[in-house]
Amino acid sequence: MKIYGVAVLAACFIAGQLIGDLLGMIFRFEGNIGGVGFGMLLLILLGDYMKKKNWTDHESESGIYFWSGMYIPVVVAMSSIQNVKAALSGGWAALIVGVVATGCCFLLIPLVSKFSKSTENK
C-alpha cells in the first residue's frame, strides 16, 4: 500500500523541517536551513533501516521507494520558484554555501563508490 510511503514521507519531511528551523535558530538566521534536504536524507535512511529490519511488506516498501523517487523532482520544483537574484544580492553566503556543499559531494564520491563495491562483493 503506497499510503505507508506517504506516512513515512510526511514524518521525515516534518522532522527535516524541525531540524532546519532549529539550525536556523542556532545560527540566528531567519529561516529554515536545509530542512527539505534533511527530510530527504531521513527518508533514505529510514527506508533502508526499515527494509533491513523487515518491518515492511512488499507493497509498503514499494510505496516508500516511489515517494523517495518523487521527492527530488518536488524539491527541484519548489526551489525553482525561489528568488535567486534576491538571495545573491543579499550577500555571498548563498554562493559560498552552494560551492562548499557541491565540493563536499564531489569529495564523497570515491568514498561512496568504495562502500558500494564492498557491499556488492558480499
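The values are calculated or read from the model by the stated rules, or taken from the named source; none is laboratory data. Predicted model, so just to flag it, every value in this text is computed and none were measured. Please note: Cβ atoms are built from the backbone with ideal geometry, for glycine as well, and neighbour counts cover all protein chains shown.
Residues are listed down the side, and each one gets a yes or a no for (1) outside any helix (DSSP H, G or I); (2) at pLDDT 70 or above; (3) touching a strand residue (DSSP E or B) at 6+ places or on another chain (Cβ under 9 Å); (4) surrounded by 10 or more Cβ atoms within 10 Å (Cβ to Cβ):
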position	(1), (2), (3), (4)
Thr56	yes, yes, no, yes
Ser60	no, yes, no, yes
Phe66	no, yes, no, yes
Met70	no, yes, no, yes
Val76	no, no, no, no
Gly91	yes, no, no, no
Val100	no, yes, no, yes
Pro110	no, yes, no, no
| If only one of Gly16, Gly5, Gly35, Gly20 is more than 13 Å from the chain's Cα centre (by Cα), in the same structural domain as Val74 (by TED's automatic domain parsing) and not charged (D, E, K, R), which one is it? | Gly5
| message | When the residues of the range 17-54 are narrowed to those that are surrounded by fewer than 17 Cβ atoms within 10 Å (Cβ to Cβ) and of a type in the set (Phe, Trp, Tyr), which ends up nearest to Trp67 (Cα to Cα)? | response | Tyr49
| Search result, residues across the range 45-54 that are in a loop (DSSP other than H, G, I, E, B) and either among the hydroxyl-bearing types (Ser, Thr, Tyr) or at positive phi (or both) | Asn54
